[in-house]
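The values are calculated or read from the model by the stated rules, or taken from the named source; none is laboratory data. Keep in mind the model is a prediction, meaning the values are calculated, not measured. Counting neighbours? That spans all protein chains shown, and the Cβs are built from the backbone with ideal geometry, glycine included. Only protein heavy atoms, including side chains, enter the accessible area calculation; ligands, DNA and RNA are left aside. Shrake-Rupley method; radii C 1.70, N 1.55, O 1.52, S 1.80 Å.
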Amino acid sequence: MKLQQLRYIWEVAHHDLNVSATAQVLYTSQPGISKQIRLLEDELGVEIFARSGKHLTRVTPAGEAILKVSGEILRKVESIKQVAQEFSNENKGSLSIATTHTQARYALPGIIQDFITQFPDVSLHMHQGTPTQIAEMAANGTVDFAIATEAMDHFNDLIMMPCYRWNRSILVPKTHPLAQRAKPTLEEVATFPLVTYVFGFTGRSRLDEAFKDKGLTPKVVFTAADADVIKTYVRLGLGVGIVASMAIDPEKDSDLVAIDASHLFNDSVTRIGFRKGTFLRGFMCDFVARFAPHLDKATIEKATQCHSKSELEEMFSGIELPSR
């Protein structure tokens, strides 16, 4: 069994069983990958992939178990490389982050700019996706950090640490009836069509909970993952916008009226996390501390020692999170 063979089956499984695409990513030949997979299967005495002719069709039950262990081995190998790099050149390497549009557009630019200035030899990569996709990328080792608000609790292999609290604002054109209301009620808001985030994005669950608790069924006429897209359709008169307050630019959005909605909805908490067992290099801890100053290296190390999510939550229960 060779490490290269484990990498081949892992990559093939994560490229929709497309051996040709995998070969391009790994800069090798398709026949070479196919041959190594067959050699590994022959050695193990089981099929990792089911086939129809020359095409791979699915991962077998045995293959699922083998891939899980292979992923763990490959991540350990990557951690060994990270340890070596930390000692050979502590300020050089790469950092990959998965996050949502709202974080990428409004929360991270200044932090990333300062980070790159401090660590010019670190290559930084950002991936955007749904909260579930973000968590999956961190869980399978595609990225170093996941930053999101929703869908983090379903991944037990992630250490998720709270960063800050945030709430929402209502956006309407200046001529809208709500524009004159400093503190509209949820009942008033529910009488108008709404334009807001796609379910599962940017604290949408808090919004839905608030209406449900009041026995209200809002008419959501348009959803998007991008706050700027939501604003566009508010300007078109499609409905009342509800977005994260951090996504409002006083200058660029001066044609709209922003109404603080923190009296209507509970705060949401954005978290940053990484896979258990990940070796965090110095510049990685620096990035986390820039994003959430209360998460210094000692606090991060303490978080990695927690044995359960409840223990992790208890650790941070006494910390007053900043608001954005």
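Overview of results
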read-out	value
Surface accessible to a 1.4 Å probe, per residue, for the residues of the range 142-276, Å²	44 Å²
For the chain, built as a Gaussian network whose Cα springs stay under 10 Å, the top-fluctuating residue of Val243, Val269, Val189	Val189
For the range 251-313, the Rg and Dmax computed from alpha carbons only, in angstrom	17.3, 50
Normalised contact order of the chain, rounded percent, pairs of Cα under 8 Å and 6 or more residues apart	20 percent
Heavy-atom accessible surface of the chain: percent carbon and sulfur, 1.4 Å	51 percent
Helical segments meeting 30 Å axial Cα length and Kyte-Doolittle 1.6 threshold in the chain (DSSP H)	none
Qualifying trypsin sites (Lys or Arg not before Pro) in the range 173-245, DSSP loop, other Cβ atoms within 10 Å at most 15	Lys174, Arg181, Lys214, Lys219
The chain: radius of gyration and largest Cα-Cα distance (Dmax), Å	23.2, 74
Loop sites in the range 130-239: chymotrypsin sites (Phe, Trp or Tyr not before Pro), DSSP, at most 11 other Cβ within 10 Å	none
For the range 181-318, projected area of the alpha-carbon convex hull averaged over all directions, nm²	10.8 nm²
Residue-level accessible surface for Ser123, protein heavy atoms, 1.4 Å, Å²	50 Å²
Candidate lysines for bridging to Lys297, where Cα separation is under 17 Å - those fewer than 8 sequence places away on the same chain excluded	Lys276
Over the chain: helical MRE at 222 nm, DSSP H runs n ≥ 4 each giving -39500 (n - 2.57), nearest 500	-12000 deg cm²/dmol
The range 38-117: Lys pairs at Cα distance under 22 angstrom, eight or more positions apart or on different chains	4
